[in-house]
Amino acid sequence: MNDFENELNRQLAALREQHLLRKPRRVDSPQAAHLEIDGRRLLNFSSNDYLGLANDPEIKQAAIDTVARFGAGTGASPLICGRLAPHAELEEALAAFKGTPAALCFSSGYAAALGAIGALMGRGDFIVIDKLVHASIVDAARLCGAKLRVFAHSDLESLTEILRWIDRQRSPVAPGTSVRRPRTLIVTESIFSMDGDRAPLRELVELKEKFGVWLMVDEAHATGIYGAARRGLIEECGLDGHVEIEMGTLSKALGASGGYICGSRALIDLLVNRARSYIFSTAPAPAAVGAATAAIRVVQSAVGAARRKRLKERIEQLAAHAGAHWRSAIVPILIGAEGRALTAAAELQSHGIFVPAIRYPTVARGAARLRVTLTAAHDRSDLEKLIEALAELLPTRAALPE
Ligand SMILES: *Cc1c(COP(=O)(O)O)cnc(C)c1O
């Protein structure tokens with residue numbers, strides 16, 4: 001036992017030394033524009049609750065009503081007996097919202113990535129991911145046994161080179177043999193989680209069509225925000241129906257919890273049979289499912305449009321201050337060294353403002369940053385306070401993105 005503890009303590013000390021030790025804070029209030037932490041009220045610029053729905057009365061009530069009718073737990077995996085009416089309703093609502101033939105809900109976005117990639121890809125196949133995709137996609141790609149290739153961030157030349165290389169590996173399969181041709185899957189996020197920039201989705205679709213490969217897009221940070229119907233960046237780019245696999249989470253702009261995959265009926269039927277994180281995991285809790293279904297309804301309504309307009313106003317307010325033109329609620333302030341990012345976050349906190357320092361392994365070593373997240377729950381004066389505190393912390397505006 002002592003050896004065990006010593007070994008772990010050695011590892012923890014190494015993390016501390018590199019300014020990489022993490023500890024979850026205890027927050028004594030719901031996710032909202034303000035958080036109560038250690039008895040202090042802080043302005044919150046850390047949450048992915050982009051539309052301010054996590055603590056919305058209508059959505060909370062939907063969760064409460066679903067619990068009242070269907071209970072707290074689901075009892076089993078969806079295939080044993082755990083798929084309840086609220087799950088069916090959520091999947092129908094998701095498919096209708098996203099304009100896809102079918103949808104499947106998972107207990108988290110992480111589980112959706114793991115399940116979908118593991119179901120579709122295996123030994124002998126090729127997965128090509130953007131350098132900055134989320135850890136859930138990296139983990140899924142590693143776990144499924146396919147050959148993993150990484151293209152430079154949103155770099156179409158780098159991707160093309162890899163696709164050409166794969167094309168040369170995939171020798172044609174002689175007719176009549178039982179060997180299957182290796183599959184190739186490109187995976188990208190649409191709005192990147194730690195930088196807030198956009199993937200070149202139209203060009204990615206052109207490339208995957210040219211090379212005859214599949215495309216998976218993670219809309220975690222775009223769902224509810226982009227596109228006329230607020231489906232996401234795929235819709236905004238006019239690419240509905242052109243992406244084989246769309247994944248996302250119910251936990252960001254939708255303010256609930258859980259993950260999803262949207263696509264063809266055949267895709268969803270196959271995932272039900274092959275996605276291990278779906279098959280071997282208890283179905284998502286009724287409260288989360290009820291909240292997510294209500295959030296999808298709210299996002300599509302006039303309330304959703306108004307929330308998005310408010311979010312856009314906040315983005316424009318901060319962009320105007322920085323003399324920049326962002327179109328994203330995610331504003332990274334690059335610091336570099338991990339220790340300096342922690343100090344900057346602590347200074348902001350002493351001004352009553354909570355902005356998290358994002359460090360390795362969430363971003364590369366030496367690319368630590370403050371990640372400011374704007375939401376529809378913020379008002380003009382909240383941002384004025386942030387701008388004032390940033391001005392004090394960052395004497396030049398150069399550190400804000402262009
Ligand atoms: C948050 C996130 C996920 C995981 O979703 P969870 O529901 O939190 O597990 C997947 N992809 C991206 C890009 C994310 O930001």
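Annotation: of all residues in the stretch 171-190 being touching a residue at least 24 places away in the same chain (Cβ under 8 Å) and either out of contact with any helix residue (DSSP H, G or I) (no Cβ under 6 Å at 6 or more places or on another chain) or under 21 Å from A146 (Cβ atoms) (or both), the one that is nearest to the ligand (Cβ to nearest atom) is E189.
So is V187 among the hydrophobic types (A, V, I, L, M, F, W, C) and either buried (at least 24 other Cβ atoms within 10 Å of the Cβ) or under 19 Å from G99 (Cβ atoms) (or both) or not? In short, yes. Looking across the stretch 116-146, just one residue is small (G, A, S), away from the ligand (no atom under 16 Å from the Cβ) and touching a helix residue (DSSP H, G or I) at 6+ places or on another chain (Cβ under 6 Å), and that is A119. Screening the candidates L311, L342 for the property of being closer than 21 Å to S193 by Cβ, at pLDDT below 95 and in a helix (DSSP H, G or I) yields one hit, L342.
If you go through the stretch 239-260 and keep only what is near the ligand (Cβ under 9 Å from one of its atoms) and either part of a loop (DSSP other than H, G, I, E, B) or more than 25 Å from I127 (Cβ to Cβ) (or both), you end up with L250, S251, K252, S257, G258. For beta carbons closer than 7 Å, sequence separation of 6+ or different chains, a first residue in the stretch 137-166 that is within 26 Å of A112 (Cα to Cα) and without any contact (Cβ under 8 Å) to a residue 40 or more places away in the chain and a second that is away from the ligand (no atom under 16 Å from the Cβ) and part of a helix (DSSP H, G or I), the qualifying pairs are R149/I162; F151/S158; F151/L159; F151/I162; A152/S158. When you look at I64, is it part of a helix (DSSP H, G or I), at pLDDT below 95, out of contact with any helix residue (DSSP H, G or I) (no Cβ under 6 Å at 6 or more places or on another chain) and away from the ligand (no atom under 16 Å from the Cβ), yes or no? For I64, the condition - part of a helix (DSSP H, G or I), at pLDDT below 95, out of contact with any helix residue (DSSP H, G or I) (no Cβ under 6 Å at 6 or more places or on another chain) and away from the ligand (no atom under 16 Å from the Cβ) - is not met. Among the residues making up the stretch 120-139, those that are under 12 Å from L185 (Cα atoms) and part of a helix (DSSP H, G or I) are L120, I137.
A residue that is at pLDDT below 95, under 18 Å from the mean Cα position of the chain (by Cα) and not in a helix (DSSP H, G or I) occurs nowhere in the stretch 389-401. Scanning the stretch 123-142 for residues that are out of contact with any Lys or Arg (no Cβ under 6 Å at 6 or more places or on another chain), under 17 Å from W165 (Cβ atoms) and among the acidic types (D, E) returns a single hit, D130. Here I335 fulfils each of the conditions (1) modelled with pLDDT of 95 or more; (2) under 26 Å from H134 (Cα atoms) apart from (1).
For the stretch 95-115, taking the residues that are within 11 Å of the ligand (Cβ to nearest atom) and part of a loop (DSSP other than H, G, I, E, B), the one that is nearest to W214 (Cα to Cα) is identified as S108.
A222 passes all but one of (1) hydrophobic (A, V, I, L, M, F, W, C); (2) surrounded by fewer than 21 Cβ atoms within 10 Å (Cβ to Cβ); (3) within 16 Å of the ligand (Cβ to nearest atom); which number fails? Going through the list (1) hydrophobic (A, V, I, L, M, F, W, C); (2) surrounded by fewer than 21 Cβ atoms within 10 Å (Cβ to Cβ); (3) within 16 Å of the ligand (Cβ to nearest atom), A222 breaks only (2). Any idea which of (1) of a type in the set (K, R); (2) closer than 27 Å to V138 by Cβ; (3) at pLDDT 95 or above is the one K385 doesn't satisfy? It fails just one condition, (2).
Evaluating I64 against the criteria (1) β-branched (V, I, T); (2) crowded, with 18+ Cβ neighbours inside 10 Å; (3) more than 12 Å from A283 (Cα to Cα) leaves one unmet condition, (2). Is it the case that the stretch 221-235 has a residue that's assigned to a strand (DSSP E or B) and at pLDDT 95 or above? No, the stretch 221-235 contains no residue that is assigned to a strand (DSSP E or B) and at pLDDT 95 or above.
Report yes if some residue within the stretch 329-351 is surrounded by 14 or more Cβ atoms within 10 Å (Cβ to Cβ) and under 30 Å from E91 (Cβ atoms); otherwise report no. Yes: the stretch 329-351 contains one or more residues that are surrounded by 14 or more Cβ atoms within 10 Å (Cβ to Cβ) and under 30 Å from E91 (Cβ atoms). Go through the stretch 153-164 and give me each residue that's more than 15 Å from the ligand (Cβ to nearest atom) and in contact with a Leu (Cβ under 8 Å, 6 or more places away or on another chain). Answer for the stretch 153-164, where residues must be more than 15 Å from the ligand (Cβ to nearest atom) and in contact with a Leu (Cβ under 8 Å, 6 or more places away or on another chain): L156, L159, T160, L163. The set of residues from the stretch 42-71 being within 25 Å of the chain's Cα centre (by Cα) and among the aliphatic types (A, V, I, L, M) comprises L42, L43, L51, L53, A54, I59, A62, A63. The number of residues in the stretch 69-94 that are surrounded by 15 or more Cβ atoms within 10 Å (Cβ to Cβ) and not in a helix (DSSP H, G or I) comes to 4.
The values are calculated or read from the model by the stated rules, or taken from the named source; none is laboratory data. Fair warning: this is a prediction, and the values are worked out from it, not measured in the lab. As a convention, Cβ positions derive from the backbone with ideal geometry for all residues, glycine included, and neighbour counts pool all protein chains shown.
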